Structure formats: C-alpha cells, structure tokens
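A short worksheet on the structure shown next.
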Amino acid sequence: MEDQEMQLKVRRVTDKFTESMYVLANEPSVALYRLQEHVRRSLPELVQHKTDMQSWEEQSQGAIYTVEYACSAVKSMTNSSLYFKNIDSLLRQAISMKEQISNSQGRSLHDVTPSPSPLVSNPHAPSS
C-alpha cells in the first residue's frame, strides 16, 4: 500500500513539476504573443493620433506665422508714427501757405481792381 501511495505522490509531484516546466518554457512566447496582440490592436489608433497631431501642428504653424506677420505689421505701424507726424506738419504748413496766398491775392485784387464806373460795362459779366 505504501508503494502505491508513494508512486501516486511521486506521479503528482512529477506531473506538477512537468506542468511548471511547460509553463516556464512557454511563458516568454505567451508574453510576446500578448504584446504582439496589443500592438496590433492599438497601432491603428496610434497612427491616427500621429496624423491628427501632424495636422494640428501644421495648422498651428500657419497661425503662428499669421500672428507674427500681424505683430510685425503693427510694429511697423507704430514706427511710422514719425512719418505721420511729418505729414501732418507738412499738411498744416501747406494749408497755412494756401491761406496766406489766398489772403494776399484777395488784397491785391481789391488794390488793383478799380471801382466799377457806371459807364463802363464789366468785361467778365455775362452778356444778355
């Protein structure tokens, strides 16, 4: 009886040992299989995320370029205030000179033009 019992115990131990050895021997391949399965499932989603990110990067680069261009335009406008001040000054001088010329012409017309006599008709008057 003890022999049968001992054989049964030895058989169980050897079976468990064999099973453990089988699991240990196949564990790396199972892990690699699981890893391959995971990569196969998640790769298309990762590729989609990558293309989305590249698209967003292109759009943001375009927006950055636009903002930088607008900033440089605003800076150049603020730098041009000196030119606008010069233009304003020149326009004021031109208006002042025009008023002086108009005033001097108005005075010279009064000084040069004789008073109209009732006998002489106005040469510039429309004829009827």
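The values are calculated or read from the model by the stated rules, or taken from the named source; none is laboratory data. Keep in mind that what you see is a predicted model, and the values were worked out from it rather than measured. Remember, those area values only see protein heavy atoms, side chains included, never the ligands or the DNA or RNA. Shrake-Rupley method; radii C 1.70, N 1.55, O 1.52, S 1.80 Å.
In segment 61-84, the qualifying residues are those that are small (Gly, Ala, Ser) and part of a helix (DSSP H, G or I), and the one that is nearest to the chain's Cα centre (by Cα) is ALA63. Scanning segment 92-112 for residues that are of a type outside the set (Val, Ile, Thr), open to solvent by 90 Å² or more (accessible area, probe 1.4 Å) and modelled with pLDDT under 90 turns up GLN105, ARG107, LEU109, HIS110, ASP111.
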